[in-house]
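A short worksheet on the structure shown next.
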Amino acid sequence: MIKTTLTEALGLKYPVCSAGMARVAQAELVTAVSNAGGLGCLGGVSFMPDELRAEIKKIEAGTDKPYAVNLLLPDSLTSEDEAQWAPVRELWQSLSGADQKKLAGVEAMLTPGAVADQVQIVLDAAPSAVVLTFATPDWFIKECKDRGITVFSLVGSVGKAQEASAAGVDFIVAQGTEAGGHTGYASTMTLVPAVIDVVDQPVLAAGGIADGRGLAASLALGAAGVWVGTRFIASPEAYGHDNFKNRVVGGSFKDSTITYSYSGKRMRAFENKWTSEWESSEKKPAGFPGQYAVAGTRVETGYQDGDMDFGMMPVGQTMQLVHEILPAGEIVENMATDAEKILRRLAVGQQ
């Protein structure tokens, strides 16, 4: 059994966390991972407040194990400045009612006050952990600590790791550029030890991890566990169209690209006609989160309809290592078991 500061702090069987992927990580995936002994994480940003409350209740009905919720709390989403929100709302209101309904998964990021309501719902629910992306506001960390909620911060650079450390988070997730979704520039192999060198908190590794080899390598780098996204897309419990999941299984390194065309931030996703056309046009994105409204229903058609040509499908380079769709619990157990075998073999000097 692999014991680390992560497993000890949260009472986990395995040091494996499923990423809080927007849209993909809903209650079914979270409960499957947590029930298998890992830490399932809900992509909380995908839900309007009432739906988020309901989704958390589904998780709590499905498991008595630790779980986490991922939130995005940059100033652009938490600001009450009407002037700042005006261009975003203009873009949103330019969409038809049908398109707005289709875009329910990003509506909270395009609605003033919605993220603030998400925050209160999560604080009231008091999950085992909250994972923050883009920002680590002091006031929110204090509120979590007052409720006994463990705080993780997902970072893509040494500088952001230092900011999160100074803010007082409990764990730092160092995500390399191999990862899908919003990602940075440094590779996991270099970023993880670089972050470990400059912070006092335990560090988790993210990006490029799909099996026991990735977990074992991460532990060798000094990580306390792993944060895994793409591998869990290829599971029955993940939300998403079969076309999306099957493309992960059949994909290779060359199939992903870095694009700003969907969210206005740097994102690794499947390359398709939309990403190629956007890049060739040399258009300037509207910025985050307004670009979601510019991309329109393309933000959802990959998940909902299996639209391979224009739909947004965040994915990491680990698709090269994913060869079949497996139950999420089996993914967790296989990853931990294989890592234990590797570490035992290395301990006795066998290659």
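The values are calculated or read from the model by the stated rules, or taken from the named source; none is laboratory data. Note that the structure is predicted; figures quoted are calculated from it, not measured. All Cβ positions, even for glycine, are placed from backbone atoms using ideal geometry, and neighbour counts span all protein chains on display. For accessibility, only protein heavy atoms count, side chains too; no ligands or nucleic acids. Shrake-Rupley method; radii C 1.70, N 1.55, O 1.52, S 1.80 Å.
Relative to the Cα centre, the charge distribution of segment 108-263, modelled as +1 at Lys and Arg Cβ and -1 at Asp and Glu Cβ, gives a dipole magnitude of about 380 debye. The alpha carbon convex hull volume per residue for segment 67-142 rounds to 98 Å³.
Taking all protein chains as present, what is the carbon and sulfur share of the accessible area of the chain, in % to the nearest whole number, probe 1.4 Å? Carbon and sulfur: 49 percent of the exposed surface of the chain. Along segment 246-256, what does the Karplus equation 6.51 cos²θ - 1.76 cosθ + 1.60 (θ = phi - 60°) give for ³J(HN,Hα), rounded to whole Hz, x for Gly and Pro? Per residue, the Karplus-derived 3J(HN,Hα) values read 5, 5, 4, 5, x, x, 9, 3, 6, 7, 9 Hz. Between amide H atoms placed 1.01 Å from N, distances below 5 Å from SER153 occur with LEU132, PHE171, ILE172, VAL173, all of them 5 or more places distant or on a separate chain. Among GLN93, VAL155, PRO285, flag the residue with its Cα farthest along the positive direction of the charge dipole of the chain, charges on Cβ as +1 for Lys/Arg and -1 for Asp/Glu. Of the listed residues, the answer is VAL155.
Just to verify a number: FRET efficiency for MET48 and ALA86, C-beta to C-beta distance, R0 = 30 Å, to 0.05? For R0 = 30 Å, the calculated efficiency reads 0.90. For GLU277, GLU90, the ranking by accessible surface with the largest value first comes to GLU90, GLU277, using a 1.4 Å probe. In this rough spin-label picture, where each label sits 7 Å from Cα along the Cβ direction, the ASP197-GLN93 distance is 5.1 nm. For the chain, adding -39500 (n - 2.57) for each run of n ≥ 4 DSSP H residues and dividing by the number of residues yields -13000 deg cm²/dmol at 222 nm.
In this calculation the C-beta distance from GLU282 to SER157 is compared with R0 = 30 Å, giving a FRET efficiency of 0.70.
In the complete set of protein chains, residue-level accessible area for ARG147 is approximately 100 Å², probe 1.4 angstrom.
With 28 Å as the limit, the listed pairs LYS58/LYS245; LYS13/LYS265; LYS254/LYS341; LYS65/LYS341 have LYS13/LYS265; LYS254/LYS341 beyond it between alpha carbons. Per-residue 3J(HN,Hα) values for segment 230-243, derived from phi via the Karplus relation 6.51 cos²θ - 1.76 cosθ + 1.60 with θ = phi - 60°, read 3, 4, 7, 4, 7, 9, x, 7, 6, 6, x, 5, 4, 4 Hz in sequence order (x marks Gly and Pro). With the simple model of a label 7 Å out from the Cα in the direction of the Cβ, ASP305 to ILE258 spans 3.0 nm. From the Kirkwood radius over Cα pairs of the chain, Stokes-Einstein at 20 °C and 1.002 mPa s returns a whole-number translational diffusion coefficient of 107 µm²/s. Residue by residue, segment 267-282 carries 3J(HN,Hα) couplings of 9, 8, 8, 4, 6, 8, 4, 5, 5, 5, 5, 5, 5, 5, 7, 6 Hz when phi is fed to the Karplus relation 6.51 cos²θ - 1.76 cosθ + 1.60 (θ = phi - 60°); x denotes Gly or Pro. Ligands, DNA and RNA are left out, and with a 1.4 angstrom probe the accessible area of the chain is 40 Å² per residue.
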